[in-house]
Amino acid sequence: MRTLLLLLPVLALSWAEEWYADARELYFGIPVSVRFAPADTVLADRVWAALVAIDDDFNDYRDSSAIGAINAGGPGTYVLNPSLTEAFDLADRMRSVTGGACEITVGPLRRLWRGAEKARRWPTSASIAAARAAVGPGVYARSGDRLTVLRAGVGFDFGGVCKGIAVDRAVAILRAAGRTAGLVQVGGETAAWGMGTAGRTHRIGIPHPDDPDDPDRLVARVQDPGTGLSGSTSGNYRNPITVEGRPLYHIFDPRSGLPADTGILSFSVVFPGTGRNGEADCLTKTGILLGEEGLRLVAAAGGEALLLRRRQDGGIDSASTPGWARFALPAPTSAGTAAP
């Protein structure tokens with residue numbers, strides 16, 4: 001999924017030599033950016049290696065990845081590596097926080113609806129029920145780094161948290177190395193801290209759902225209030241599923257087995273401080289499913305959120321948590337009016 005918080009990259013040339021900055025595509029085309037100061041290419045290599053390693057743990061399209069091997073292996077007991085153990089800890093906690101809306105066993109639903117797209121045929125009620133039977137906390141058991149898959153057909157899908165985990169991992173490396181300022185972005189997950197290249201805290205734009213590639217057309221901007229921030233945006237901007245000519249979300253509700261309501265255009269989450277992108281990643285997907293109830297969950301977790309919905313007349317309505325204004329800035333009216 002390539003929804004994103006849009007960087008607003010205007011570099012002050014007098015600062016450029018002090019900063020490391022690079023952008024690449026990882027994970028089959030997801031844009032990834034790393035910036036930090038003071039620059040250190042050896043440190044940068046460590047960060048990029050950690051980001052690349054995420055694919056080896058969480059790419060469930062590859063049987064050779066850690067989670068892909070578990071999915072391919074079927075029922076049985078497995079020893080989780082430290083990265084997967086940490087991810088299961090987070091996912092299990094977020095399942096509890098969200099009342100089951102955040103769910104890492106939705107692989108069967110993804111297979112079902114992607115298959116329906118290829119077949120150009122709406123899945124039957126029986127096929128949806130069969131997929132749902134392999135989804136939920138009851139299909140596996142875990143104690144620490146021991147995972148037991150309890151039934152056939154289980155498919156773990158960490159797509160709703162692994163990009164946030166990647167950001168948290170990269171930020172942890174940089175901050176442990178004493179970097180005084182930085183920004184890491186993986187798709188829709190962004191963390192930033194310290195003073196940016198414009199001599200102020202970082203600003204990040206949230207794209208307009210109808211034109212996500214236009215930097216002049218933003219629905220909102222958020223700014224680090226001085227604590228650093230962990231930010232995430234999810235939506236159906238790109239790669240929707242289309243079945244019988246009907247565009248559908250690529251986020252699935254584990255409670256119903258259906259794709260999310262396309263009336264929800266996007267959901268953005270911001271936490272003060274770094275290190276919470278894995279949590280923010282999950283809560284944006286949850287917000288897509290829960291709507292305004294998702295706003296309450298984010299506020300209870302100490303964050304702020306913005307929800308965008310499509311009106312019947314084609315316009316866009318928004319709703320936000322009470323404290324959203326502490327991060328929000330007016331959207332710019334022209335390119336180049338904001339800088340990271």
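Residues in the stretch 201-241 that are farther than 28 Å from A181 by Cβ and touching a helix residue (DSSP H, G or I) at 6+ places or on another chain (Cβ under 6 Å): I241 only.
Regarding the stretch 158-180, can at least one residue be identified that is part of a loop (DSSP other than H, G, I, E, B) and among the aromatic types (F, W, Y)? Within the stretch 158-180 (the criterion being part of a loop (DSSP other than H, G, I, E, B) and among the aromatic types (F, W, Y)), the answer is yes, since at least one residue qualifies.
Every residue in the stretch 117-141 that is in a strand (DSSP E or B) and farther than 18 Å from G68 by Cβ, please.
Of the stretch 117-141, the ones in a strand (DSSP E or B) are 140-141.
The answer is A141, and nothing else.
Taken over the stretch 223-247, the criterion of being more than 17 Å from the chain's Cα centre (by Cα) and outside any loop (DSSP other than H, G, I, E, B) is satisfied by Q223, I241, T242, V243, R246, P247. Scanning the stretch 313-325 for residues that are under 22 Å from I251 (Cα atoms) and in contact with a Gly (Cβ under 9 Å, 6 or more places away or on another chain) yields one hit, A319.
Of the listed requirements (1) crowded, with 20+ Cβ neighbours inside 10 Å; (2) outside any strand (DSSP E or B); (3) under 16 Å from the mean Cα position of the chain (by Cα), T197 misses just one: (3).
Inspection of the stretch 274-285 identifies at least one residue that is in contact (Cβ under 8 Å) with a residue 24 or more places away in the chain, among the polar types (S, T, N, Q) and within 18 Å of C102 (Cα to Cα). Name the single residue, out of those in the stretch 52-101 being farther than 24 Å from P31 by Cβ and in contact with a Cys (Cβ under 6 Å, 6 or more places away or on another chain), that is surrounded by the fewest Cβ atoms within 10 Å (Cβ to Cβ). Looking at residues that are farther than 24 Å from P31 by Cβ and in contact with a Cys (Cβ under 6 Å, 6 or more places away or on another chain), I get R95.
Flag: L26 does not match the condition of being at pLDDT below 95, surrounded by 15 or more Cβ atoms within 10 Å (Cβ to Cβ) and more than 18 Å from V171 (Cα to Cα).
The values are calculated or read from the model by the stated rules, or taken from the named source; none is laboratory data. Computed from a prediction, not measured in an experiment: that's the story for all the values here. All Cβ positions, even for glycine, are placed from backbone atoms using ideal geometry, and neighbour counts span all protein chains on display.
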